[in-house]
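Below is one structure; the comments refer to it alone.
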Amino acid sequence: MTNERDSGAGKPPTSSQSNAFLESEGDNWFERNKSALTNEPSHFGTDTIKRVLQGFNSDINNILEIGCGNGTKLNDLCSFFQASGSGIDPSTEATDNGKKLFKELKLSVAIASDLPYEDDCFDLVYFGFCLYLLDRNDVLKAVAECDRVLKTGGFLAILDFDPTQRSKNPYHHKPGMFSYKNSYSDFFTAGGHYYLVAKESFSHESKHFDINSDERVSVCILYKEQETY
């Protein structure tokens with residue numbers, strides 16, 4: 001039995017920002033960050049996830065990382081939880097590299113707003129520092145897709161910028177694109193369907209808290225409630 005589903009006709013058009021990452025910027029991002037991803041996976045939130053969720057080790061059997069790069073972080077989580085791992089990324093170079101490094105992982109080229117998986121098939125979903133790069137037309141689609149594939153009673157982890165106030169900034173690496181800093185856990189907790197289990201804040205540049213709100217990053221861990229009312 002597979003977690004993957006067919007992506008047939010009738011799916012919504014891909015946004016211009018998502019297209020840019022699928023066409024070339026995903027590969028460019030991977031080349032710029034490959035060394036950091038490979039050498040310092042714990043700086044990208046996995047240590048926090050393992051510490052907070054270690055008591056649920058036997059419940060976490062299938063993990064999805066959205067924005068997985070070459071799968072280094074995903075492999076770290078799967079090794080700890082002894083779980084199967086799937087990952088999606090817009091970069092062909094990243095997923096091809098990951099398939100060579102981590103043969104047990106199932107890595108695919110895809111985007112957050114159109115996940116190629118069946119409903120309710122993951123115990124842990126991890127947004128690996130990618131929501132800030134989504135076109136605003138895709139954010140709610142990505143939230144809905146995440147909720148669709150995450151089992152009730154499962155866990156969601158979000159690593160992303162965490163500013164005091166949301167902001168839109170020019171994306172430095174490609175003219176005409178933007179990054180969007182927001183408190184992304186709020187998209188899930190506001191309706192009462194998700195509970196914030198833990199949050200750890202640090203800097204985009206280091207493993208310590210940053211007094212500069214614009215450089216502040218957090219990893220948030222949420223629980224998908226079994227009963228919302």
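Annotation note: Cβ proximity below 6 Å between a residue of segment 139-153 that is touching a residue at least 40 places away in the same chain (Cβ under 8 Å) and surrounded by fewer than 21 Cβ atoms within 10 Å (Cβ to Cβ) and a residue that is assigned to a strand (DSSP E or B) and of a type in the set (K, R) (sequence gap 6+ or interchain) occurs for T152/K224.
Could you please let me know if F127 is modelled with pLDDT of 95 or more, surrounded by 23 or more Cβ atoms within 10 Å (Cβ to Cβ) and farther than 18 Å from N61 by Cβ? Here the answer is yes, as F127 does meet what is asked.
Against the conditions (1) of a type in the set (G, A, S); (2) closer than 26 Å to G26 by Cα; (3) loosely packed, with under 13 Cβ neighbours inside 10 Å, S218 satisfies every one except (3). For segment 187-206, the candidate set comprises residues that are surrounded by fewer than 12 Cβ atoms within 10 Å (Cβ to Cβ) and not hydroxyl-bearing (S, T, Y); within that set, the residue that is nearest to A20 (Cα to Cα) is E205. Just so you know, in segment 128-157 the residues that are closer than 21 Å to T228 by Cβ and among the aliphatic types (A, V, I, L, M) include one that is nearest to the chain's Cα centre (by Cα), and it is A157. Given the criteria aliphatic (A, V, I, L, M), closer than 16 Å to I221 by Cβ, at pLDDT 95 or above and in contact with a strand residue (DSSP E or B) (Cβ under 9 Å, 6 or more places away or on another chain), does I60 qualify? Here the answer is yes, as I60 does meet what is asked. The residues on offer are F209, F187, and the sole one that is of a type in the set (A, V, I, L, M, F, W, C) and in a helix (DSSP H, G or I) is F187.
Listed here are the strands (runs of 3 or more DSSP E) enclosed by segment 32-114 that have at least 2 residues being buried (at least 18 other Cβ atoms within 10 Å of the Cβ) and either touching a residue at least 40 places away in the same chain (Cβ under 8 Å) or of a type in the set (S, T, N, Q) (or both): 62-66, 84-89.
The values are calculated or read from the model by the stated rules, or taken from the named source; none is laboratory data. This is a predicted model, so every value here is computed, not measured. Methodologically, a virtual Cβ is constructed for each residue, glycine included, from the backbone with ideal geometry; neighbour enumeration extends over all protein chains shown.
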